[in-house]
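We did not get these values from a lab; they are worked out from the coordinates using the rules stated. Here the structure is a predicted model, which is why all the values come from computation and not from measurement. Cβ sites come from the backbone with ideal geometry, for glycine too, and all protein chains shown count toward neighbours.
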Amino acid sequence: MKHTIKRNALFLAVSSLLAALPATAANSFYAPGDLVLAFQKEGGTNTVYANLGNAATQFRGTAAGAADAPTRINFLNLNTTLTDAFGAGWASDPAIYAGLAGVWGTSSSNLLLQNGDPHRTLYVSAPRASVGTVGDANSTGWDFSQAAIAMSSGASGITQQNNAFETNYDAATTVSLAAVSQIDDMNPFLAAGVQGTAFGAFEGGVQQRGSATSFGSFGDAGNVEFALDLYRILARNTVNGQVAGDLRIGSYEGTVTVGSDGMVSFIPEPSSLALTGLAAAALGLRRRRSA
């Protein structure tokens, strides 16, 4: 009788698990080329995947020579997800790390484009050193101009991380056991509090470490815990129709922030057109004052 009860309980548990998984083993809320905001806790068992949308169409700014990416304030709330993964005190936990990564293809020879991006066009973060000036980068950008192989390594590593999100879940945001996700594997540590090479290409890592206090106030995003400068790194510049950029040198596209309340925002680099307009307005104001 006891064995029958155990078998029934196991059957129900397995059935519930299978029902929770997508039937096609593909995440309908994610596609290659989407920008993923990922979190991990050093030494922890949980990680977090959060899809922010297509990197090229929603985050590529004027630095890449395309139309401006829009400013988006508080467009995603991760507080519940981060609380489920790391506890209610996640915002003051210095052991939590956050980073951005996206790529749509890994081929070194295919000339297809996705939204103007060739294969191996990488979108990755670098942690801001301080709040600095909103709209300007405050981090050390990525330069692979002397290391072409890093583009392939980076593309493969990012694909490996995000593929676990694509094939194991059917959600835009999810808590994933570290044993299932690839976030901790692709963003390793050399020692306590010291990150190694991310995605096999980014020395020192792409993630920002949390702190016991706020990172500071970041423009319209308000009080934030994480502020990540987003860079686009172009693997090749010879594909007809592609959105131009410096070869294998990261262009700053804007900053993604995570607020103390878990709200995600994106503030792009100001466009040259907007800056010209502001300058003209300022000049007109000075002329009126002097008239």
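Under the simplified labelling scheme, the A95-F75 pair shows an inter-label distance of 3.3 nm, with each label point 7 Å from Cα along Cα→Cβ. Sorting D93, D143 by the number of Cβ atoms found within 10 Å of their own Cβ, with the fewest placed first, yields D143, D93. Multiplying the residue separation of I149 and S107 by 0.36 nm and subtracting their alpha-carbon distance yields 13.9 nm.
Note on the range 24-284: semi-axes of the ellipsoid equivalent to its C-alpha gyration tensor, largest first and rounded to whole Å, are 26, 24, 17. Spacing of the modelled spin labels on N163 and A191, each 7 Å from Cα toward Cβ, amounts to 3.4 nm. With only Cα atoms counted, the range 73-188 has Rg and Dmax values of 16.4, 47 Å.
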